[in-house]
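Visitor: Okay, here's the structure, questions in a sec.
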Amino acid sequence: MSLTGLLDAVLADAALAGAVEAAGAETLDLTAPEALRPFALAALAADRERGGAARPVLAVTATTREADDLAAALECLLPADSIAVYPSWETLPHERLSPRADTIGRRLAVLRRLAHPSKDDPTTGPLSVVVAPVRSVLQPQPSGLGDLEPVQLQTGDATTLDDVVQRL
């Protein structure tokens, strides 16, 4: 369900407009009901799209479920392709388990979109909002992961197995 018309009405509120103007300041504390979160984030992202800050908005939540719920709410206010959830690993650093492959792939896809957004494909294009559980932000990661080029194979492409293995 699209609620984009509500965003314009909410942006008319002086308090929210003041918060959007103050974005980028050294410190910005906002206290509001939880239901206002998607509107505040969408307002910041909409300001970016209207020529405001050139960086995506990072929303940090307490849990993965909160991140998923916030991203779903944002999809009612902004284009769905401009929102991404940066998932946390299911494992703790001291555990001798690797995170699931799909989690690693989702994290790499978000980092790639942040570092090298595609102008041709909206699913790999620029992000307006990245929603991340606090665990995903705190987990260590090597630098340069967004620069890794994904291996893309399509029906009809001709390539050797050695070439695919090398690229992987």
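Visitor: Keeping to the stretch 101-114, report how many residues are in contact with a helix residue (DSSP H, G or I) (Cβ under 7 Å, 6 or more places away or on another chain) and either open to solvent by less than 40 Å² (accessible area, probe 1.4 Å) or over 9 Å from L145 (Cα atoms) (or both).
Guide: 3
Visitor: For the stretch 78-131, which positions are farther than 22 Å from V60 by Cβ, under 14 Å from the mean Cα position of the chain (by Cα) and in a loop (DSSP other than H, G, I, E, B)?
Guide: H116, G125
Visitor: Next question. Can you find, within the stretch 71-100, the residue that is farthest from A45 (Cα to Cα) among those that are touching an Asp or Glu at 6+ places or on another chain (Cβ under 7 Å) and either modelled with pLDDT of 85 or more or open to solvent by less than 70 Å² (accessible area, probe 1.4 Å) (or both)?
Guide: Step by step, filter the stretch 71-100, then rank; the result is P99.
Visitor: A further question follows. Can you tell me which residue in the stretch 140-167 is nearest to A115 (Cα to Cα), limited to those that are exposed (fewer than 10 other Cβ atoms within 10 Å of the Cβ) and among the hydrophobic types (A, V, I, L, M, F, W, C)?
Guide: Ranking the qualifying residues of the stretch 140-167, first place goes to L153.
Visitor: Residue check, T155 against (1) more than 21 Å from S98 (Cα to Cα); (2) touching a residue at least 24 places away in the same chain (Cβ under 8 Å), all met but one. Which one?
Guide: Evaluating T155 over (1) more than 21 Å from S98 (Cα to Cα); (2) touching a residue at least 24 places away in the same chain (Cβ under 8 Å) leaves (2) as the failure.
Visitor: Can you tell me how many residues in the stretch 15-31 are assigned to a loop (DSSP other than H, G, I, E, B) and among the small types (G, A, S)?
Guide: Within the stretch 15-31, residues that are assigned to a loop (DSSP other than H, G, I, E, B) and among the small types (G, A, S) number 3.
Visitor: May I ask you to verify whether L30 is under 15 Å from L77 (Cβ atoms) and not charged (D, E, K, R)?
Guide: Details: under 15 Å from L77 (Cβ atoms): no; not charged (D, E, K, R): yes.
Taking the combined requirement at face value, the residue does not satisfy it.
Visitor: Across the stretch 145-167, what is the total count of residues that are in a loop (DSSP other than H, G, I, E, B) and either modelled with pLDDT under 75 or touching a helix residue (DSSP H, G or I) at 6+ places or on another chain (Cβ under 8 Å) (or both)?
Guide: 5
Visitor: Report the residue count in the stretch 118-139 for those that are surrounded by 15 or more Cβ atoms within 10 Å (Cβ to Cβ) and not small (G, A, S).
Guide: So the count comes out to 10.
Visitor: When both residues are 6+ apart or on different chains and their Cβ atoms are under 6 Å apart, which pairs have a first residue that lies in the stretch 30-47 and is over 13 Å from D69 (Cα atoms), and a second that is part of a loop (DSSP other than H, G, I, E, B) and small (G, A, S)?
Guide: The qualifying pairs are L44/A23; A45/S128.
Visitor: Filter the stretch 1-14 down to the residues that are surrounded by 11 or more Cβ atoms within 10 Å (Cβ to Cβ) and either assigned to a helix (DSSP H, G or I) or free of Cβ contacts under 8 Å to residues at least 12 places away in the same chain (or both), then identify the one that is farthest from the chain's Cα centre (by Cα).
Guide: The qualifying residue farthest from the chain's Cα centre (by Cα) is D13.
The values are calculated or read from the model by the stated rules, or taken from the named source; none is laboratory data. Since the model is a prediction, treat every value here as computed from it, not as a measurement. Don't worry about glycine lacking a Cβ; one is built from the backbone with ideal geometry, like all the others, and counts go over all protein chains shown. These area figures cover heavy atoms from the full protein model, side chains too; ligands, DNA and RNA do not enter into them. Shrake-Rupley method; radii C 1.70, N 1.55, O 1.52, S 1.80 Å.
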